[in-house]
Amino acid sequence: MNKVTVVGSINLDRTLRVIDMPKPGETVHTTEVFSAGGGKGANQAVAAARLGAKTRFIGAVGEDDAGEMTYHLLDEEGIDLKGVAKWPNTATGQAYIIVDDNGENSIMIHSGSNGAFTPEHVQKFADEIADSDFVVTQFESNFDSSIEAFKIAHEKGVKTILNPAPAMTKIPKELLQNTDMIVPNETETEILTGIHVETEDDMKQAATKLHEQGVPVVLITLGSKGAFYDGMGQQGMVPALKVKAVDTTAAGDTFIGALSSVLTRDFSNLEEAIKQANRASALTVQRFGAQPSIPYAKELAE
């Protein structure tokens, strides 16, 4: 059983379902409205926990109803929440999601307490980081806190996985220098490298650029096309499973959580771990919502 520590965001997701995405200035009717636990960090932690990892979380919620709800949802998953602060005078992070009938989504995020927790807060849980197999972070929380977590991890010989999402043009060098694996999607890869990813040759060039920035292992997720990996003497494509997507929210987060739950610290089972992550994501996109759509280990065995 892997020990996974996630450092990152906790949001309350408010989802609107529509037939077609509204155009600028257009008003449309919704077909459904619902709230659920979300946030890239929380989604990844839920995926890791449901798929068998012993999971810890470092982050923050506000002292509000949304914070109580999201904290309770994570606690129900059996995730160790000693590292989750209840930040005073700060709203819990929230995401507003529009999903159309093709399963595509648009997401707007209010960071709230996700941007408020500090490196000093992370330092309190250095022992928990040191006891992990993997530390995972994303770009929905304080950069300095993510850097601190990855620095502690590297000092202790713990492997780190960076999900560079939401996409940003430039990642702090100190974060990349302490990253063992980076997992961008096609859009994030293009923003980070300037290479439009279509062919396998494009993927190889993009991976080379990311290696040059100090990251040993590059894993580019390609949605319905699968995933490309390069690093530690391994390279290849793993095709995705063919399913009808109804909501792609949390698909990438499920992939990363599932990957971290089964990946070995030397990355020797990388291809098989990607296959497991693909299976988990394929189930996620066939359901609505973020955390409600994330599968359990028994479902992958069926």
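Here the relative contact order of the chain, from alpha carbon pairs under 8 Å that lie six or more residues apart, stands at 19 percent. Looking at the chain alone, DSSP beta bridges between its own residues are antiparallel in about 40 percent of cases. Under 5 Å from the amide H of Phe57 lie the amide H atoms of Val6, Asp80, Lys82, Gly83, each residue being 5 or more positions distant or on a separate chain, with H modelled from the backbone and absent for Pro and chain starts.
Residues Tyr96, Tyr229, Tyr71 ordered from highest to lowest accessible area at a 1.4 Å probe: Tyr96, Tyr71, Tyr229. As a fraction of the 1.4 Å probe accessible area of the chain, surface on carbon and sulfur atoms comes out at 49 percent. Simple spin-label estimate for Arg265 and Lys225 gives 3.5 nm between the two label positions (7 Å along the Cα-to-Cβ direction from each Cα). Counting only the Cα atoms, the range 1-147 fills a convex hull of 121 Å³ per residue. For the range 242-291, the solvent-accessible area of protein heavy atoms averages 35 Å² per residue (probe radius 1.4 Å; ligands and nucleic acids excluded).
Spin-label pair Lys86-Asp131: with each label point 7 Å from Cα along the Cα-Cβ axis, the two points sit 2.3 nm from one another. Taking the Cα centre of the range 49-91 as origin and assigning +1 to Lys and Arg Cβ atoms and -1 to Asp and Glu Cβ atoms, the resulting dipole is close to 340 debye.
Compactness of the range 235-302, taken as the C-alpha radius of gyration over 2.2 N^0.38 Å, stands at 1.08. Which FRET efficiency, nearest 0.05, do Asp75 and Asp144 yield, Cβ-Cβ r, R0 22 Å? It comes out at approximately 0.25. When DSSP beta bridges are restricted to pairs lying wholly in the range 128-261, around 50% turn out antiparallel. Both radii come from the Cα set of the chain: Rg as radius of gyration, Rh as Kirkwood radius; their ratio Rg/Rh reads 0.94. Each residue was assigned an accessible area with a 1.4 Å probe, and for Ser111 the value is about 50 Å². Taking other residues whose beta carbon is less than 15 angstrom from the beta carbon of Glu76, and scoring Lys, Arg as +1 and Asp, Glu as -1, yields -3.
About its Cα centre, the range 218-293 has a charge dipole of approximately 300 debye under the convention of +1 per Lys or Arg Cβ and -1 per Asp or Glu Cβ, with nothing else charged. Computed over the Cα atoms of the range 158-245, the ratio of the radius of gyration to the Kirkwood radius (Rg/Rh) comes to 0.95.
If only the Cβ of Lys and Arg carry +1 and only the Cβ of Asp and Glu carry -1, the dipole of the chain around its Cα centre is close to 400 debye.
With a ≥ b ≥ c taken as the square roots of the eigenvalues of the C-alpha gyration tensor of the range 178-302, please select rounded if a/c is under 1.5 and otherwise prolate if a/b is larger than b/c or oblate if it is not? Since a/c reaches 1.5 and a/b is larger than b/c, the shape of the range 178-302 is classed as prolate.
Across the options Ala250, Ala130, Leu162, the greatest Cα extent toward the positive end of the charge dipole of the chain (unit charges at beta carbon of Lys, Arg, Asp, Glu) belongs to Ala130.
One Cα centroid belongs to the range 46-110, the other to the range 146-185; the line between them spans 20 Å. Sparse packing (at most 13 other Cβ atoms within 10 Å of the Cβ) combined with a DSSP loop state is found for the following GluC sites (Glu not before Pro) in the range 19-72: Glu26.
Solvent-accessible area of Asp266, all protein chains in place: 90 Å² (probe radius 1.4 Å, heavy atoms, ligands and nucleic acids excluded).
The values are calculated or read from the model by the stated rules, or taken from the named source; none is laboratory data. This one's a predicted model, so the numbers in the text were calculated from it and none came from an experiment. Here Cβ is always computed from backbone atoms with ideal geometry, including for glycine, and neighbour counts include all displayed protein chains. For the accessible areas, the whole protein counts, side chains as well, though only heavy atoms, and no ligand, DNA or RNA atoms are used. Shrake-Rupley method; radii C 1.70, N 1.55, O 1.52, S 1.80 Å.
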